[in-house]
Structures are given as structure tokens and as C-alpha cells.
Amino acid sequence: MTAGEQQPTPIDEQLLWAVTSFSGGQLLMLWFGACSLAASCYYLGTLHLWPYLFSVFAPAHSHSLTQQSAAESAECTYTAADCAEADVPRSASSPPPTDREPPLLPLSTPADPKQGAPPQPPPEEERARLSYHVVIFCAVLLLLWASDSHTHRLLWAAHAKQYVRDAFLLVCLFLALAAAPFVGPVARAGSSRPAPLLSRAQTEEWKGWMQALFLLYHYFGAREVYNMIRVLIAAYVWMTGFGHFSYYWVRADFGAVRVLKMLFRLNFYVLFLCLTMDNPYMLYYICPMHTLFFLATYLAMALGGAHNHRPYVMPAKLALTALAYYLCFEVEGVFPALWTWSGTAPLLSLGGSLHEWQFRTTLDHWMPLFGMLCAYLHPSAEHLLLERIERLPSRLRLAVRALLAAAALTALWLWAARLLLPLDKYAYNALHPYTAWLPLLAYLVLRNLTPTLRAWHLTALAFCGRITLETYLTQFHLFLSHDAALALYYLPAAYPLTNFFLASLLFVVVSYLVFQITQVLSDALIPYSASAQRVCANLAACAALLLACYAAGLALRFYWPLAHLPTVAALLAAASLVAALLLSAR
């Protein structure tokens with residue numbers, strides 16, 4: 001066995017080690033799992049709801065947990081990584097629309113608002129469904145813990161990454177060919193509106209293929225494409241500014257409930273991963289980074305939000321936001337002082353230093369502002385492409401499109417020839433914050449050049465784009481191992497490509513399950529129909545339960561003798577009803 005490999009230990013040693021070395025966070029997961037499992041069995045047995053077990057594979061919107069409108073159901077799915085509807089910005093002089101069609105949902109088409117919300121299930125059935133989703137979530141966390149552990153005692157083998165350029169390119173080509181047949185329209189059936197510029201479906205497709213490349217880069221250790229991966233991450237950050245600016249510009253919904261839903265969506269899964277795996281928050285740096293830029297976008301839009309549509313107000317806000325970004329990220333010494341003064345430095349540190357946090361955020365700190373600017377100018381660009389150019393005579397229209405395509409391709413070629421290909425990662429990183437907008441803008445022009453390109457998208461990639469947050473987090477423990485340093489092998493090392501496809505299938509399925517579970521728990525704990533006080537009460541109850549379970553886990557870890565483990569199991573089962581009721585609190 002080489003130094004870069006880690007083989008699983010015998011099963012008897014694994015069991016002995018597992019019993020004696022649980023941390024408080026890992027015992028917390030066992031506590032939740034036992035409580036929720038007992039509650040689920042109770043409810044499912046007494047209500048004869050065993051067919052409901054399969055509901056976790058159904059779209060999260062198929063069983064509404066709250067009576068909310070179709071538009072509210074759509075809003076539940078927005079995240080910093082999930083771009084809000086891109087076809088909604090209007091000019092600064094126009095008031096927010098009141099009769100817009102609801103945006104496309106990522107999983108299913110919402111019910112017609114005129115027909116009312118779907119019927120609300122009985123409370124008992126609702127509790128059973130919530131408990132079952134918590135059971136599945138605990139099972140996922142325990143699977144991740146068993147597959148990847150800091151103690152290097154793994155359920156599966158871990159081997160050094162193997163990068164062969166031909167194999168990497170072949171896998172990329174295979175995935176592209178596999179996704180190509182799955183083509184779907186952007187607009188819903190029966191809609192008479194033309195396909196918008198940069199629709200939600202298109203942004204989900206965009207996130208899908210970027211995430212596929214990102215995962216391949218991590219799995220194979222393709223360091224030679226590092227510069228390209230940096231651009232893809234910058235595009236995700238751009239979507240944060242673009243999507244949330246678009247939402248707040250049109251809806252003007254600055255309430256606390258939606259902010260809490262965003263923060264829940266971004267940090268729910270990663271919180272439990274940190275507890276279960278004993279990892280620092282900054283290991284999953286995408287979550288704090290998108291949380292930061294979401295909150296920055298929200299503050300820029302919410303402060304004086306009633307005046308956003310007045311002339312010169314939004315340009316002034318964008319200028320002030322640019323000044324804030326400059327002072328924070330460009331002036332030496334301000335960044336560490338800001339986070340130290342705010343008291344968040346321990347949370348955002350890695351190895352006792354803020355270097356990683358500063359490095360990650362500084363690389364893309366201008367992209368959310370550029371996204372906000374693009375969202376502000378979106379109506380003008382849409383008017384130019386969808387109205388003025390499309391109304392030109394045929395030959396002139398083709399000439400204009402050819403000119404736009406030539407300009408975009410020339411910009412891409414110059415950027416690749418001068419920056420992407422010749423520079424090493426360190427030299428490129430120094431220029432990346434100021435040049436990443438160029439390939440992004442060129443892609444937007446090429447992808448939206450014609451009505452046909454705007455009207456269709458690849459549905460398989462769009463599906464992957466909806467679960468990018470979950471796939472990013474899950475890859476660390478079911479796709480990779482040892483903080484992404486090694487590749488996880490479910491098969492012998494002699495079958496690297498077969499193992500890659502098997503690992504991909506497993507971790508995509510798990511990521512989708514976590515996506516659904518997050519939606520269900522978000523709708524239960526933070527329903528749009530509830531007041532901010534009720535939502536805060538729900539979250540406070542869950543926080544109290546977390547702290548109590550974590551304290552109990554620490555006490556059991558350090559003070560409870562192993563001979564009393566059956567008693568511990570009995571106590572966990574007795575507490576199941578209380579846990580289920582708290583988890584289903586509305």
C-alpha cells in the first residue's frame with residue numbers, strides 16, 4: 001500500500017473504534033436518527049402511511065406543507081447559488097409589475113394561482129413526513145461519516161487521484177454526449193411570451209455544466225485547468241449578485257422571512273456536516289462566501305428600498321457598493337480588521353488564520369457587483385436583443401448577430417491567449433478579480449444570440465444545476481476523501497473509470513435527496529405564510545434542541561460507561577416523540 005492510499009480496516013476494529021470515539025457532533029446525529037426513526041415508525045404504523053415512504057423521491061412541491069401561492073413556492077427555491085428569475089428586471093423608471101407570470105420552478109410547474117393552493121395534509125401525516133425526512137437526513141450523515149473520517153479509518157478505500165489528460169477529456173466528452181439528447185423548452189407549455197434573455201432554465205443549465213467540470217477537476221486532480229475553474233467559480237458568484245438583485249428589484253420583498261430562508265438554504269446542510277465530520281466551516285468555503293455576498297446584495301437593495309426605482313438612486317447605490325468592496329478588499333489591513341472587530345474571525349478562520357477566507361473572497365469580490373450591474377442593465381439588453389435586433393431586416397439582422405458573435409469570440413480568444421493558457425495559477429490569480437468578467441460576458445452574448453438558443457436548454461444539465469450546493473458539499477465525503485485530497489473508491493483500484501461512474505451515481509442521488517429534504521424542512525420551519533416572530537420561534541426551538549443534543553452527546557462521549565449503551569438506546573427512543581414534535585413545529 002502506497003503513502004497516497006488508505007485501505008479500510010477490519011470490521012471488528014472499525015466497530016470497536018466507532019463505539020469508543022464518537023464526538024459530540026456525531027452522537028448528535030445518532031440522537032436525531034434514533035428519535036426520528038422511532039417517531040416515524042410510530043406515525044407510519046398508526047396512520048397506515050407506509051406508501052408515504054417513497055415521498056422523499058417526489059418533487060418537494062408535490063405535497064405542500066404550507067398554504068402558499070405558486071409564486072411563493074417558487075421563491076422558496078432561490079439560493080445564492082440558485083439564480084433568481086433572470087427575466088424580471090425592468091427599467092429604473094418603471095414600477096414593480098403586479099401581473100407577472102410566476103417564474104419557472106426547478107422541479108415542477110406550480111399550480112395555477114387562480115385555482116388556489118393545493119390542500120394541506122393532516123397534521124399527523126405532515127409530522128410523519130417530516131420525521132421520515134429527518135431519518136433519511138440522519139442516514140445520509142452517518143453514511144458520509146462512515147465513508148470519510150478524520151481518523152483515516154474508512155468504510156471504503158481511498159487512493160491518490162489519477163490524472164490522465166485523455167481520460168479526463170474522454171469523460172467530459174461522454175458527459176456532453178449523454179446530456180445532448182435531453183433538450184427542453186424554456187417557456188412553459190401554452191405561454192405566448194418569447195423566451196427571455198438569460199432565463200432561469202438557462203442559468204440552471206449553465207450551473208449544471210459548470211458544476212460537472214468542477215467535480216471532474218476535483219476528482220481527477222486536473223490542475224492544468226485550474227485557471228478555467230476559477231472562472232467558473234466567479235460565474236457562480238456573479239449569479240449571486242444578478243439573481244438576488246433581480247428578485248429584490250421586482251418584488252421589493254425585504255422581509256426577514258425570505259432572508260432566513262436564504263440563510264437556511266445556504267447553511268443548513270453545511271452546519272450538520274461540520275458537526276458530523278468535526279470539520280471547520282471554512283473547509284466548505286462556498287457557503288460562507290455566498291452567504292456574505294447574498295447579505296451584501298440584500299443590504300444594498302434593502303437600505304432605502306422604497307426609493308430604489310427613483311432616478312439616480314440605484315446608480316448611487318451601486319457606486320457606494322463598489323466603494324465598500326474597494327475599501328474592504330483592496331485596502332490593506334481592512335479585511336482582517338473588519339472580521340476581527342465583528343467577532344466572526346474564529347468561525348471564518350482555518351488553522352487559526354483568516355488567510356483562506358480572505359484569499360477566497362478577494363478572488364471574486366467584484367463579481368457580485370458586476371452581477372448587480374448586469375441585472376440593472378438587463379432590461380436595456382433584453383430590449384436590444386428581443387425587440388430592436390429581431391425587428392431588423394433579415395440580412396441586417398444576420399450581419400448584426402455575426403458582428404456580436406465575432407466580437408465575443410475575439411474577446412474570448414484574446415483572454416485565453418494572453419491570460420488563461422500562458423499564466424500559472426499564481427500569476428493568473430493576481431489578475432483574475434479584474435478580468436473574469438470578460439469570458440463571462442462573452443458567454444452570455446453567444447448563449448443568447450438567437451431566439452432558438454434562448455428558447456431551448458439541456459434539461460439534464462439544468463437538473464444538475466438545481467442541486468449544485470448539495471453536490472459541492474457531498475463531494476467531500478462520498479466522491480472524495482481526506483478533505484478532497486484523495487479519491488474515494490468503492491471498487492478495486494484496477495477499475496478507476498468504473499468506480500468514477502459508480503461514485504458519481506451514488507453521490508448525485510444522495511445530493512438530490514438532501515436537496516429535497518432541505519426544501520421540506522425549510523417549508524416546515526420557515527413557511528412564507530408565517531410571521532417573522534413565529535419563524536424565529538421555530539428556529540429557536542430547533543437551536544435549543546441542537547444544543548441540548550450536542551451537550552448530551554458530549555456527556556455520553558466522555559462520562560457514560562460503555563456497559564450502559566442499551567440504556568442509552570432506550571433513552572433515545574423515549575425522547576423520540578419530543579424530538580419529532582419540535583422538528584415539526586410551525
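Things to note:
- L377/T344 FRET efficiency (R0 30 Å; Cβ-Cβ; nearest 0.05): 0.35
- The range 173-236, accessible surface, carbon-and-sulfur percent (1.4 angstrom probe): 70
- If you sort W156, W415, W339 by accessible surface, 1.4 Å probe, largest first, the order is W156, W339, W415.
- Apportionment of accessible area to carbon and sulfur, the range 275-409, percent (1.4 Å): 70
- The simple Förster model, with R0 at 56 Å and r as the Cβ-Cβ distance, assigns A411 and H307 a FRET efficiency of 0.95.
- Debye-sum result for the range 422-563 in log10 I(q)/I(0), which assumes one identical scatterer on each alpha carbon, at q = 0.14, 0.16, 0.18 Å⁻¹: -1.15, -1.18, -1.16
- Taken along the Cα-to-beta-carbon direction at a fixed 7 Å, the label points for A427 and L398 span 4.3 nm.
- FRET efficiency, 1/(1 + (r/R0)^6) with R0 35 Å, evaluated for L441 and A256 via beta carbons: 0.50
- Here the extension length gained between A455 and Q533 equals 23.8 nm, from 0.36 nm per residue of separation less the Cα-Cα distance.
- Euclidean distance of C-alpha centroids, the range 325-381 and the range 447-525, integer Å: 27
- Under-5 Å amide H pairs with A157, H placed in peptide plane, nonlocal only: Y489
- Dmax and Rg, reported as Rg then Dmax, of the range 461-538 (C-alpha, Å): 17.1, 57
- Under-5 Å amide H pairs with H457, H placed in peptide plane, nonlocal only: G184, V186
- Per residue, in Å², the accessible surface of the range 485-534 once ligands and nucleic acids are set aside, probe 1.4 Å: 37
- Segment L497-L547, length gained on full extension (0.36 nm per residue, minus Cα span): 13.7 nm
- Summed over the residues of the range 287-345 and divided among them, the accessible surface reaches 52 Å² per residue at a probe radius of 1.4 Å.
- Furthest towards positive pole of dipole, L177, T276, P196, structure part the range 169-320, Cβ charges: P196
The values are calculated or read from the model by the stated rules, or taken from the named source; none is laboratory data. These figures come from a predicted structure and were not determined experimentally. Every residue, glycine as well, gets a Cβ built from its backbone with ideal geometry; the counts of neighbours run over all protein chains shown. When the accessible area is computed, the model is the full protein with side chains, heavy atoms only, and any ligands, DNA or RNA have been set aside. Shrake-Rupley method; radii C 1.70, N 1.55, O 1.52, S 1.80 Å.
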